[in-house]
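See below for the structure under consideration.
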Amino acid sequence: MTTDETTQEIALITGASRGIGRSIAAHLAGPGRFVYINYQSNETAAKETLAAVNAAGGDGALLPFDVTDAEAVNAAVKQVIKEKGGVDILVNNAGIKKDMLMVMMKKESWQDVLDTNLTGFYNVTKPVVKKMLSKHKGRIINITSTSGQTGQAGQVNYSASKAGLIGATKALAREIASRNITVNAVAPGFIETEMTEDLSEKQLAQIEQTVPAGRLGKPEEVAATVAFLCTPEAAYITGQVIGINGGIC
């Protein structure tokens, strides 16, 4: 594939300024692919992701918007369609946690997590998939979690949002499979990201004891699976949830 704009694959990754999102952006980068790096507020970190994309031999641009703001999302997607003709690969990675026991959880903590992790998927995917349908091609990968598969104490809001995303993945896959569009979910377990950096050695050791593989996963291992789902070899995989969890479930 050449880097000519008429043959470029266009990828959009939400929440791509750091962690798993940044690693996905770098893995998807390469000749013939243009990567839009979405972020909400941390422009400095987003520019570091763009540098990683460039270092991997790819091209890209920053695309700031809040996934919970439907108007801002629609404006951004319209911009992408105007500039590039649409999105070929959408990775819904943006997500937040507000962990707390259910009996102590405020309504705002419940709603904020659902708005970002689940409604954010709706806000971004709907305008993107409309163009995919007209082009009869596309790949959608949703980043969910083992918490959405098994539940996790202290994460009723997060587990609910990720379980909902799994259901949405399976339903949307059935709706659009005939148009050559695949929809899959990747469910990471405990992964080495900024969220684990503040944990003590004792806490990390306790977590590792619960993982059959005996270690935390790496963002690159999640990204490699996402990248595979974007290849021609993965064209018959849709509606699936692929766990990257070291055997935890």
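The values are calculated or read from the model by the stated rules, or taken from the named source; none is laboratory data. All values reported here derive from a predicted model rather than from experimental measurement. Because the Cβ atoms are built from the backbone with ideal geometry, glycine has one as well, and the counts that use them run over all protein chains shown. The protein model used for the area step is the full one, side chains on, heavy atoms only, and it has no ligands, DNA or RNA in it. Shrake-Rupley method; radii C 1.70, N 1.55, O 1.52, S 1.80 Å.
S161 passes every criterion in (1) closer than 28 Å to V211 by Cβ; (2) out of contact with any Leu (no Cβ under 6 Å at 6 or more places or on another chain) apart from (2). Within the range 146-162, residues that are farther than 15 Å from A185 by Cα and free of Cβ contacts under 8 Å to residues at least 12 places away in the same chain have Cβ atoms under 9 Å from residues that are buried (at least 22 other Cβ atoms within 10 Å of the Cβ) and of a type outside the set (F, W, Y) in these pairs: Q152/S145, counting only partners at least 6 apart in sequence or on another chain. A Cβ distance below 7 Å, combined with a sequence gap of six or more or placement on separate chains, defines the contacts here; from the range 112-127, residues that are within 17 Å of A75 (Cα to Cα) reach residues that are buried (at least 23 other Cβ atoms within 10 Å of the Cβ) and hydroxyl-bearing (S, T, Y) in the pairs V124/T14.
When every residue of the range 223-235 is checked against the conditions, none turns out to be open to solvent by 80 Å² or more (accessible area, probe 1.4 Å), closer than 21 Å to R22 by Cβ and over 20 Å from the mean Cα position of the chain (by Cα).
Of all residues in the range 101-117, those satisfying the criterion of being open to solvent by less than 90 Å² (accessible area, probe 1.4 Å), in a helix (DSSP H, G or I) and of a type in the set (A, V, I, L, M) are V113, L114. Here K82, K47, K98 are screened, and the one residue that is farther than 19 Å from Y122 by Cβ, in a loop (DSSP other than H, G, I, E, B) and open to solvent by 10 Å² or more (accessible area, probe 1.4 Å) is K98.
Residues in the range 155-214 that are among the polar types (S, T, N, Q) and part of a strand (DSSP E or B) were compared, and the one that is farthest from V91 (Cα to Cα) is Q155. With respect to (1) crowded, with 24+ Cβ neighbours inside 10 Å; (2) modelled with pLDDT under 95; (3) among the polar types (S, T, N, Q), the lone exception for T2 is condition (1). Taken together, A55, A26 contain a single residue that is of a type in the set (A, V, I, L, M) and surrounded by fewer than 19 Cβ atoms within 10 Å (Cβ to Cβ), which is A55. Only one entry in A70, A177, A168 is without any contact (Cβ under 8 Å) to a residue 60 or more places away in the chain and more than 16 Å from the chain's Cα centre (by Cα), namely A70. So I10 clears everything in (1) over 30 Å from E197 (Cα atoms); (2) in contact with a helix residue (DSSP H, G or I) (Cβ under 6 Å, 6 or more places away or on another chain); (3) not in a strand (DSSP E or B) except one condition, right? Which one? So I10 meets the others, but not (3). Note on the range 134-159: residues that are open to solvent by 40 Å² or more (accessible area, probe 1.4 Å) and either under 20 Å from G120 (Cα atoms) or touching a Pro at 6+ places or on another chain (Cβ under 8 Å) (or both) total 2.
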